[in-house]
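I have placed the structure first, in the form of C-alpha cells, so that the comments after it can refer back to it.
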Amino acid sequence: MTDQAVTMAIPLPVAGWRDYLALLKPRVMSLVVFTALTGLVCARAPMNPALAAVAVLCIAVGAGGAGAINMAWDADIDALMRRTRSRPVPGGRVRAGDALALGMTLSLFSVGLMGVAINPVAAAWLAFTIVFYAIVYTLWLKRRTPQNIVIGGLAGALPPLVGWAAASGATPLNAWLMVAIIFVWTPPHFWALSLYISGDYAKAGVPMLPVVKGPAATRRQIFAYSLVLAPLGVAPAFTGLGGRAYLAVAILGGAGMIALAIRLLFSVAGDPDPAAAPGATGLYDVRLDLKPARDLFAFSLLYLFALFAALLVEHLPGVPGGAW
Amino acid sequence: MSDPNLEDPAAARARRGRNYLLAGALLAFVIVVFIVTIAKLAANVAQPPV
C-alpha cells in the first residue's frame, strides 16, 4: 500500500459545534464578561436591564471573535505547544480560514450591534480592543518582543472600560483605574505561567520573557510588577470607586501577591534542571520545583476576581453601603 | 463498493450539530434585535424626543 493510499484511507477529523465554541475561548470570555459587567455596574448610570444584557452580549461575542481570529493566525505556533496543540485549528478539525471567517463575522457583528443598540463610544472601544488583540498582539507583538504580554495586556484590560462606556457613554478616571489594575496584573500572571511552560514557548519560537531573558530576570520582573500592583489595587478605595469591603480585599490580596512574589523571587522556579539527562538539559528545561510559580499564577487569578467581585457587590442596587 | 458521495455518519452528525448552532445563533440575533427595538421604543415613549 502506498503512503498516498494510507493517507486517503484515514478519515479527516470532523468539526462539531464544540470545536467552534472552543474557538471563542470561553474561559477567557468569562473573565472578560465578568470585568466588563463590573465596569458597567460601577458606572452608576441608569440603564435598561435588557440593553445592559445586550451590551454584555456584544462584549462577550467580540471577545469570542477576537479569540477565533487569534486561533486562526496562531495555528502554526499552537501546533508546537502541548497546551494548545489540541485546539480546533492545529488539531485539524477546523480550517484556519473558517476560524478567521467566524472571528471576523462575530467581531463585526458585536461592534455593529454595540454601535446601533448601545452607543458609539462603547462600540469604538470594543472595536479598538478587538483590533488590538487580534492584530497588534497576535500578529505583531507576540512573535517579536518579550514585552508582548505587557503591551498586549491592554486588550485584556479594556473590557471594564467598554462596559463603563456602554452604561454611561463616558470613560472617566475610575474606568481607567480598573484598566490599569488589569494591565499591571497581566505580566506577573502570565510570566508566572510561562515560567513553568517556557519550554513550549521556546519550541514555538515565542519570545516570552523566561525564554529571552531567563527565569531569574522573569522572577525579578514579576516581583517588581507585584510591588506596583498591590498599591494600585488599593487606589480605587480612595477615588470613590471602592468602599470599605473593597479596601479590605485589596489590602489582603495585595499583601498576598507581594508575599508570593517574594517567595518566587528567592525560588529556583524556571531554572534549568541540573538533574536532567545529558543532552536533555538546556535553557528550556525547567525544574520540578515550580510550586512558587504555580501558586502565584493561581493566586493572581483569585486576587483579580476578588477585587472585581468586591467592586461589583458594592455597586449592586440595594447593597447596604453601596453606591446606589 | 460504497458510494463516494455518501456522507460519513459522523460527518453528517457533526454537520447537523453545526446547523443547529447556526440556527440558534440566528434565532438569538432576531430576539436580540427585537429586545433592543422594544427597549429603545419604551425609552422614547417614557421620554419623547423634543
Given the criteria at pLDDT below 95, in contact with a helix residue (DSSP H, G or I) (Cβ under 9 Å, 6 or more places away or on another chain) and within 14 Å of chain B (Cβ to nearest Cβ), does A:ARG44 qualify? no
Looking at this structure, is A:ALA66 more than 10 Å from chain B (Cβ to nearest Cβ), in contact (Cβ under 8 Å) with a residue 24 or more places away in the chain, within 21 Å of A:ALA157 (Cα to Cα) and touching a Phe, Trp or Tyr at 6+ places or on another chain (Cβ under 6 Å)? yes
Specify which of the listed residues (A:ILE69, A:ILE59) is of a type in the set (Val, Ile, Thr) and over 25 Å from A:ALA309 (Cα atoms). A:ILE69
Which of the residues spanning region A:128-177 are under 25 Å from A:LEU37 (Cβ atoms) and part of a loop (DSSP other than H, G, I, E, B)? A:LEU158, A:GLY169, A:ALA170, A:THR171, A:PRO172
Can you tell me which residue among A:GLY39, A:GLY91, A:GLY97, A:GLY112 is within 28 Å of A:SER198 (Cα to Cα) and either part of a helix (DSSP H, G or I) or not hydrophobic (A, V, I, L, M, F, W, C) (or both)? A:GLY91
Does region A:79-90 hold any residues that are touching a residue at least 60 places away in the same chain (Cβ under 8 Å) and farther than 12 Å from A:ALA22 by Cα, and which are they? A:LEU80, A:MET81, A:ARG82, A:ARG83
Yes or no: A:VAL94 surrounded by fewer than 23 Cβ atoms within 10 Å (Cβ to Cβ) and outside the structural domain of A:MET178 (by TED's automatic domain parsing)? no
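The rows are residues; the columns are (1) at pLDDT below 85; (2) of a type in the set (Gly, Ala, Ser).
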site: B:ALA12; (1), (2): no, yes
site: B:THR37; (1), (2): no, no
site: B:VAL45; (1), (2): yes, no
site: B:PRO49; (1), (2): yes, no
Of A:ALA298, A:ALA275, A:ALA280, which residue is at pLDDT 75 or above and either surrounded by fewer than 13 Cβ atoms within 10 Å (Cβ to Cβ) or part of a helix (DSSP H, G or I) (or both)? A:ALA298
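Yes/no matrix, rows are residues, columns are (1) assigned by TED's automatic domain parsing to the domain that holds A:ARG83; (2) farther than 20 Å from A:GLY156 by Cβ; (3) more than 21 Å from the chain's Cα centre (by Cα):
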{"position": "A:VAL179", "(1), (2), (3)": "no, no, no"}
{"position": "A:THR218", "(1), (2), (3)": "no, no, no"}
{"position": "A:GLN221", "(1), (2), (3)": "no, no, no"}
{"position": "A:ALA224", "(1), (2), (3)": "no, no, no"}
{"position": "A:ALA230", "(1), (2), (3)": "no, no, no"}
{"position": "A:GLY233", "(1), (2), (3)": "no, no, no"}
{"position": "A:PRO236", "(1), (2), (3)": "no, no, yes"}
{"position": "A:LEU264", "(1), (2), (3)": "no, yes, yes"}
{"position": "A:ASP271", "(1), (2), (3)": "no, yes, yes"}
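The values are calculated or read from the model by the stated rules, or taken from the named source; none is laboratory data. Bear in mind that the values here come from a model prediction, so they are computed numbers and not experimental data. For neighbour counting, all protein chains shown are included, and Cβ atoms are generated from backbone atoms with ideal geometry for every residue, glycine included.
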